[in-house]
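The block underneath contains the structure these notes are about, expressed in structure tokens.
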Amino acid sequence: MVSIAAMGDAEGAAYERAGVDLRAAERTTDLIRRAVESTYTPGVLRGLGAFGGLFELPAGLDRPVLVASTDGVGTKTMLANRYRHETGVLEGIGRDLVNHCVNDVLVQGAVPLFFLDYVASAHLEPEVTAALVTGVAAACTGAGMALLGGETAEMPGVYAPGEFDLAGTIVAVVERDRVVDGSSVRPGDLLLALPSGGLQTNGFSLARRALEGRLDDTVPGVGTVWRALLAEHRSFLPAVRPLLERGLVKAMAHITGGGLPGNLPRTLPAGLGAELRRGAWDEPAVFTLIREAGGVSEAEMFEVFNMGIGYVVTVDPGSLTEALRVSPELVEVGRVVEGAGVRVV
């Protein structure tokens, strides 16, 4: 008989020689426990430590529809890892992940319920993982949802030494008759934008290649290049929620990978497209820097990056005044037209 509780250093050395440190996993759990449990909402029945998190749906819903999405932060992790010792960088990546996922389910009009995160690396570094999860937890709290569970995976041979990956799954809810699906969109409806402030979490492979060697430069209008690239992927929930509460929204689009041409048409009925007015919104200077340093064409810039538009809301022209009143950050940038695709004029 083997007494597992009495297992010592000698018995645990084989797994450590294979590249996995069980003690690091235990320390990581200890470091993140307080941050995770601080996010718990009344719906949480079982969370950290359970094999599966348990969550009770809010009372009073007539026909609840669950909306789920899984995403990551791409190679933005590589840039964050390079500057991991700068204050708040790793926590910022955690917030990026949650906010990205919140925006994705927000497109359907859904309110976040809970989140699950996944942190993987070749060798677990408890302080790094704790910083990432602390950022995840802070963004979950900001969105009013629980960090219900997650996974910290140590996978030597799969990930490059020193690098990490971060991904997550969100579950949200919306009443069946309040799902935003774009079916009522008509030609002439207006497109209102919320500014991204930067790259959000897409296009970093191209951005890093274009700006390698200049990351520590300070550029007029941009600031320190690496800081501009790591600008937070913001949550659009606070700006959009008042619009949803008043029933002003016909369709919405989160501008992620694929840019405006790849995301805006996903929200429109067949046979309809979008016309955007160049100059109607502010384009962060970091995009000009990428375009010039990388020799990237204007068309490819729009296909890869959000170009300053982080989120698009489609409204009836008659709702414009009210929409701008309840969400003043919105900017009118274009309209829905007959045809297909996105045209920038």
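Given the criterion assigned by TED's automatic domain parsing to the domain that holds A231, within 15 Å of G182 (Cβ to Cβ) and modelled with pLDDT of 95 or more, identify the matching residue among V296, V249.
When all the criteria are applied, what remains is V249.
Would you tally the residues in the range 84-110 being farther than 13 Å from T141 by Cα, of a type outside the set (G, A, S) and either in a helix (DSSP H, G or I) or under 16 Å from the mean Cα position of the chain (by Cα) (or both)?
Going through the range 84-110 one residue at a time, the tally reaches 14.
Go through (1) surrounded by 17 or more Cβ atoms within 10 Å (Cβ to Cβ); (2) among the hydrophobic types (A, V, I, L, M, F, W, C); (3) under 25 Å from V337 (Cα atoms) and name the single condition L289 misses.
(3)
For every residue, the table says whether it meets (1) modelled with pLDDT under 95; (2) in contact with a helix residue (DSSP H, G or I) (Cβ under 9 Å, 6 or more places away or on another chain); (3) basic (K, R); (4) surrounded by 14 or more Cβ atoms within 10 Å (Cβ to Cβ).
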{"residue": "R186", "(1), (2), (3), (4)": "no, no, yes, no"}
{"residue": "L190", "(1), (2), (3), (4)": "no, yes, no, yes"}
{"residue": "G203", "(1), (2), (3), (4)": "no, yes, no, yes"}
{"residue": "A207", "(1), (2), (3), (4)": "no, yes, no, yes"}
{"residue": "T218", "(1), (2), (3), (4)": "no, yes, no, no"}
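So, in the range 111-130, how many residues would count as being over 30 Å from V180 (Cα atoms) and in a strand (DSSP E or B)?
Of the residues in the range 111-130, 3 are over 30 Å from V180 (Cα atoms) and in a strand (DSSP E or B).
Starting from the range 177-195, keep only residues that are acidic (D, E), then list their pairs with residues that are surrounded by 13 or more Cβ atoms within 10 Å (Cβ to Cβ) whose Cβ atoms are within a distance under 7 Å, requiring at least 6 positions of separation or different chains.
These pairs meet every condition: D189/K250; D189/T314; D189/V315; D189/D316; D189/R335; D189/V336.
Just to be sure I understand the filter: pairs with C-beta atoms under 6 Å, separated by 6 or more residues or on different chains, first member in the range 292-311 and in contact (Cβ under 8 Å) with a residue 60 or more places away in the chain, second member surrounded by fewer than 17 Cβ atoms within 10 Å (Cβ to Cβ). Which pairs pass?
What qualifies is G308/D282.
Run down G135, G149, G162 and say which single residue is assigned to a loop (DSSP other than H, G, I, E, B) and either over 30 Å from G295 (Cα atoms) or in contact with a strand residue (DSSP E or B) (Cβ under 8 Å, 6 or more places away or on another chain) (or both).
Result of the check over G135, G149, G162: G162.
Among the listed residues G74, G88, G53, G60, which satisfies the condition of being assigned by TED's automatic domain parsing to the domain that holds I32 and under 26 Å from T267 (Cβ atoms)?
After ruling out the rest, the residue left standing is G74.
How about the range 50-82: which of its residues are buried (at least 17 other Cβ atoms within 10 Å of the Cβ) and more than 30 Å from V304 (Cα to Cα)?
Hits for the range 50-82 are G53, F55.
Inside the range 181-249, counting only helices (runs of 4 or more DSSP H) that do not spill past its ends, which hold 2 or more residues that are over 30 Å from A270 (Cβ atoms) and of a type in the set (A, V, I, L, M, F, W, C)?
204-211, 225-229
Given the criteria touching a residue at least 24 places away in the same chain (Cβ under 8 Å), over 22 Å from D104 (Cβ atoms), of a type in the set (G, A, S) and in the same structural domain as T129 (by TED's automatic domain parsing), does A210 qualify?
no
The values are calculated or read from the model by the stated rules, or taken from the named source; none is laboratory data. All values derive from a computational prediction rather than experimental measurement. Methodologically, a virtual Cβ is constructed for each residue, glycine included, from the backbone with ideal geometry; neighbour enumeration extends over all protein chains shown.
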